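The values are calculated or read from the model by the stated rules, or taken from the named source; none is laboratory data. The model shown is predicted, which means the values in this text are computed figures rather than measured ones. Here Cβ is always computed from backbone atoms with ideal geometry, including for glycine, and neighbour counts include all displayed protein chains. Side chains are part of the model used for accessible areas, which takes the heavy atoms of the whole protein and leaves out ligands, DNA and RNA. Shrake-Rupley method; radii C 1.70, N 1.55, O 1.52, S 1.80 Å.
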Amino acid sequence: MNTEHLERGWADTVALFELRGLPESSYENLHEESYDVHPGPLTVAGDLDLDLESTAPAGAGLVVDGDLTVEGSIVNVDDGCPAVVVLGDLRAVNVFLEGDAKLLVLGSVTVDAFIGSMTDKLVMIHGDLRTTVTVLSGEFSPDLVGGTLHGAVVAPAYLDLAQDVDPASVLVPEVLRADGEEDWRSFDAPRVHGGRLLSRIDEGLPVVLG
């Protein structure tokens with residue numbers, strides 16, 4: 001990651017949010033602490049691991065004042081991860097959120113797969129969510145998609161976003177769960193093996209067909 005950034009206190013961070021037009025409803029539940037603010041556009045080589053302290057070394061989160069491109073995937077599986085606020089568009093290969101994720105995007109999100117499970121999260125996307133597939137489990141659902149959700153949605157029937165879609169039509173066979181097979185990540189998205197899904201993302205392997 002480009003290490004050029006400014007550590008800004010909460011008041012200065014809020015002033016930037018207001019200048020860029022991020023609604024207060026998006027950031028009112030963030031920790032009122034210092035944030036690492038990067039000028040955009042910003043490109044991250046490889047994955048952006050939200051569980052690493054180095055993601056936001058000076059504060060409670062990472063703010064990108066413009067577009068953010070992650071050449072790998074954005075991953076969070078542990079509690080206590082930093083917030084990520086993108087005041088432009090976000091592009092990545094995949095997004096996998098399972099911990100204490102806080103992801104706010106003023107623009108649109110474009111990924112192959114957007115995956116969320118069992119997280120005490122704050123996920124607000126003010127633009128479109130453009131995916132090949134969105135995989136939801138454990139009562140996870142984005143708090144806001146202000147634009148249009150593009151792509152298939154594989155999710156348990158109790159979620160409003162669930163669609164009648166065959167997971168085998170959008171996901172590679174390696175991440176599908178056989179009948180009666182246990183999944184150590186306890187995914188309840190239909191036929192999805194969350195453990196193998198995360199492993200392939202960690203290895204930089206594709207999880208969607210095509």
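Quick look at the values:
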quantity: Pair list, Cβ < 7 Å and 6+ apart or interchain, from the range 95-114 residues that are farther than 21 Å from Asp78 by Cα to residues that are part of a strand (DSSP E or B) and open to solvent by 10 Å² or more (accessible area, probe 1.4 Å); calculated: Ser108/Arg130; Val109/Arg130; Thr110/Arg91; Thr110/Arg130; Val111/Thr131; Asp112/Thr131; Asp112/Thr132; Asp112/Val208
quantity: Filter result (surrounded by 14 or more Cβ atoms within 10 Å (Cβ to Cβ) and under 11 Å from Pro82 (Cα atoms)) within the range 19-32; calculated: Leu30
quantity: Candidate set: the range 52-73, residues that are open to solvent by 60 Å² or more (accessible area, probe 1.4 Å) and closer than 16 Å to Asp100 by Cα; chosen: the one nearest to the chain's Cα centre (by Cα); calculated: Leu52
quantity: Pick from the range 114-143, criterion within 16 Å of Phe187 (Cα to Cα) and part of a loop (DSSP other than H, G, I, E, B), ranking: least open to solvent (accessible area, probe 1.4 Å); calculated: Phe140
quantity: Filtered residue count, the range 33-51, keeping only those that are β-branched (Val, Ile, Thr), more than 15 Å from the chain's Cα centre (by Cα) and over 23 Å from Val14 (Cα atoms); calculated: 1
quantity: Any pair with Cβ under 6 angstrom, 6 or more apart, that starts in the range 14-41 at a residue that is hydrophobic (A, V, I, L, M, F, W, C) and ends at one that is open to solvent by 30 Å² or more (accessible area, probe 1.4 Å) and at pLDDT 95 or above; calculated: Leu22/Leu106
quantity: The listed residue being open to solvent by 20 Å² or more (accessible area, probe 1.4 Å) and on the phi < 0 side of the Ramachandran plot, out of Gly147, Gly151; calculated: Gly147
quantity: Tally, over the range 168-205, of residues that are open to solvent by less than 60 Å² (accessible area, probe 1.4 Å), among the charged types (D, E, K, R) and either in a helix (DSSP H, G or I) or touching a residue at least 60 places away in the same chain (Cβ under 8 Å) (or both); calculated: 2
quantity: Residue match in the range 101-109 (condition: over 21 Å from Val37 (Cα atoms) and among the charged types (D, E, K, R)); calculated: no
